[in-house]
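Let me begin by handing over the structure; questions about it come next.
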Amino acid sequence: MKRCKLLQGLVIALAIGAVAGWGCAGSKSSNAAATQPGSYTETMAESPAPEIPTKSSDEDDVLRLLGINKSKEEPAPAAEVAAKTAEERQLDVALKDKDAELAALRAEVSERDRQIARLQEQLSKNEPQPARVSHANGSFKDRYDAARELYESRKYQQAIPIFESLIQSGGDKSLLDNCQYWIGECYYGNNQYSQAIVEFEKVFTYSDSDKYDDSQLKLGLCYLRIGNVEKAKDELEKLIVNYPDSEYQQRAKEYLARL
C-alpha cells in the first residue's frame, strides 16, 4: 500500500516536471522567434507607431486650405487689449481738448454778457430822469431850466422840442428870445449848421434881446463851418460894427485875422 502511494507521488511529480519543462521550452522558442532577424515581431518593433491626428491640427489644415490665417484672424487677447487701451487714451485726450474749448467759449460768452450789462447800465443812466420830465410839464421857468439842462448834457434833440413848445406857449416873454437862441445852439451842437443859421436869424425878430451879439457871432461861425468864408467875414464884421460893447469883439477880430 505504501509502495502504491509512493508510485503515485512520483508519477505526479514527473508529470508536473514535464509540463514545466514544456512551458519553458515554449517560452524560449517564442522569445527566440521574436528575436530572429526579419521576424514579424522585429518588424513591428522597428516601424514607428502611426500618428493620430489631433483636432487642432485638423482645424489648422482646413483653415489653411480655405486661405485663412488663424493667427491673423484671431489676435492674441493681450494685443487686442493693448490696441483698445491706446484708442481709449486717444479718445480721452480728444475729450479733454473739447472740454477745454467749451470752457473757453463759456468764459468768452460770460465776459460779453458782463460787457452788455455794463453798457445797458450806462445807457439807463444817460436816459432822462422822471424828475426832468415833470419839470418839462411844470411852469414855464421849470420847463426852460429842464431844456437848458438837456442842452448842457448835449441831448440836443430832446431839448429842441421843449424850447419850441415854450415859444409856442407865449409865456414869459423875457425868455422867448433865449429859447430861440438855444434852439440855434442845439442845431449847431448837432453839426446842422445850415439849420442853425436859420434859427439864429430868428433871434433878431425879437425886440430888445440880449442875445443879438451871441447870435451874430454864431452866424459867422456857422458860415465858416460850411466853408462860406466871404459870408463868414461879413457876419463877423457886423458884430464888430453893430455891437461895439460886445464881449465877443476880441474873438471876432481874431477870427477875421485868420481868414
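The values are calculated or read from the model by the stated rules, or taken from the named source; none is laboratory data. Here the structure is a predicted model, which means the values were calculated and not measured. Cβ: placed from backbone, ideal geometry, glycine included. Neighbour counts: every protein chain shown.
Report yes if Q192 is within 28 Å of E237 (Cβ to Cβ) and buried (at least 19 other Cβ atoms within 10 Å of the Cβ), otherwise no.
No, not satisfied.
Does N191 count as in the same structural domain as K233 (by TED's automatic domain parsing), at pLDDT 95 or above, of a type outside the set (A, V, I, L, M, F, W, C) and part of a loop (DSSP other than H, G, I, E, B)?
yes
Take the conditions closer than 30 Å to S165 by Cβ and modelled with pLDDT of 65 or more and apply them to Q90. Does it pass?
no
Oh, and also: For the range 115-174, enumerate the residues that are at pLDDT 90 or above and of a type in the set (D, E, K, R).
Scanning the range 115-174 gives K141, D142, R143, D145, R148, E149, E152, R154, K155, E164.
Yes or no, residue by residue, for (1) of a type in the set (G, A, S); (2) more than 60 Å from the chain's Cα centre (by Cα):
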position	(1), (2)
D208	no, yes
Q216	no, no
L221	no, no
I226	no, no
L236	no, yes
L239	no, yes
E247	no, yes
E254	no, no
A257	yes, yes
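May I pose another question? Which one of S215, S207 is out of contact with any helix residue (DSSP H, G or I) (no Cβ under 6 Å at 6 or more places or on another chain) and either buried (at least 20 other Cβ atoms within 10 Å of the Cβ) or assigned to a loop (DSSP other than H, G, I, E, B) (or both)?
S207
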